[in-house]
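Novice: The structure follows.
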Amino acid sequence: MTDQAFRPPPAQRPADRYGDRPPSSRRRAVGTVVIAVLVALALTSWVWLAADRASPSVRHDLLGFEVVTPTSVEIRFSVTREPGVPVVCVVRARGPAGDEVGRLQVLVPTDDREVVDLTRTLRTTGPAVTGEVVTCESYEAMATIGPG
């Protein structure tokens, strides 16, 4: 008798059913892809946050609007920004079908106030049913975006 215990041969997986690669290679590849995706997401989030912090925070609130004539609408809104930051806002009027019938770019004066209330009368190309603030951005941020 021999001292060695009987050991059965390692089980062979049918290659045509399971493929040629051992399962550990597949796990390693999946793990590498998952790590690469997580790193890409983290990098994207970091860039987005850095860009957001680079431009001063600007907020706008629509206070109201009034259709003054068939070809004009008055829009009242407030802008909150850091004092001294130049801001440009875009306001517009919409017609009954939702189409834009007027648009105006408004420069908010640079001064020491944090909140600035503004009223602008917008000429329209047709009857307006609503007035709204499209966007307000720091002037530097808007200059990098370009006309829109």
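The values are calculated or read from the model by the stated rules, or taken from the named source; none is laboratory data. Source: prediction; values computed, not measured. Using ideal geometry, Cβ is built from the backbone for each residue, glycine included, and neighbour counts are taken over all protein chains shown.
Novice: From SER45, SER72, SER57, SER78, which residue is surrounded by 11 or more Cβ atoms within 10 Å (Cβ to Cβ) and either among the acidic types (Asp, Glu) or more than 18 Å from GLU137 (Cα to Cα) (or both)?
Specialist: Within the list SER45, SER72, SER57, SER78, the selection yields SER72.
Novice: Continuing with the same structure: Scan the stretch 33-47 and tell me whether some residue there is among the hydrophobic types (A, V, I, L, M, F, W, C) and part of a strand (DSSP E or B).
Specialist: So far as the stretch 33-47 goes, no, none of its residues is among the hydrophobic types (A, V, I, L, M, F, W, C) and part of a strand (DSSP E or B).
Novice: Just checking, how many residues over the stretch 32-91 are farther than 14 Å from VAL133 by Cα, in contact (Cβ under 8 Å) with a residue 60 or more places away in the chain and more than 20 Å from the chain's Cα centre (by Cα)?
Specialist: Number of matching residues: 1.
Novice: Looking at the stretch 111-124, I want the residues that are assigned by TED's automatic domain parsing to the domain that holds ILE75 and have a partner that is surrounded by fewer than 18 Cβ atoms within 10 Å (Cβ to Cβ) and basic (Lys, Arg) with Cβ atoms under 6 Å, at least 6 apart or on another chain. Which pairs are those?
Specialist: THR119/ARG76
Novice: Of everything in the stretch 95-142, what is part of a loop (DSSP other than H, G, I, E, B) and of a type in the set (Val, Ile, Thr)? Give them in sequence order.
Specialist: Passing the criteria: THR110, THR124, THR125, VAL129.
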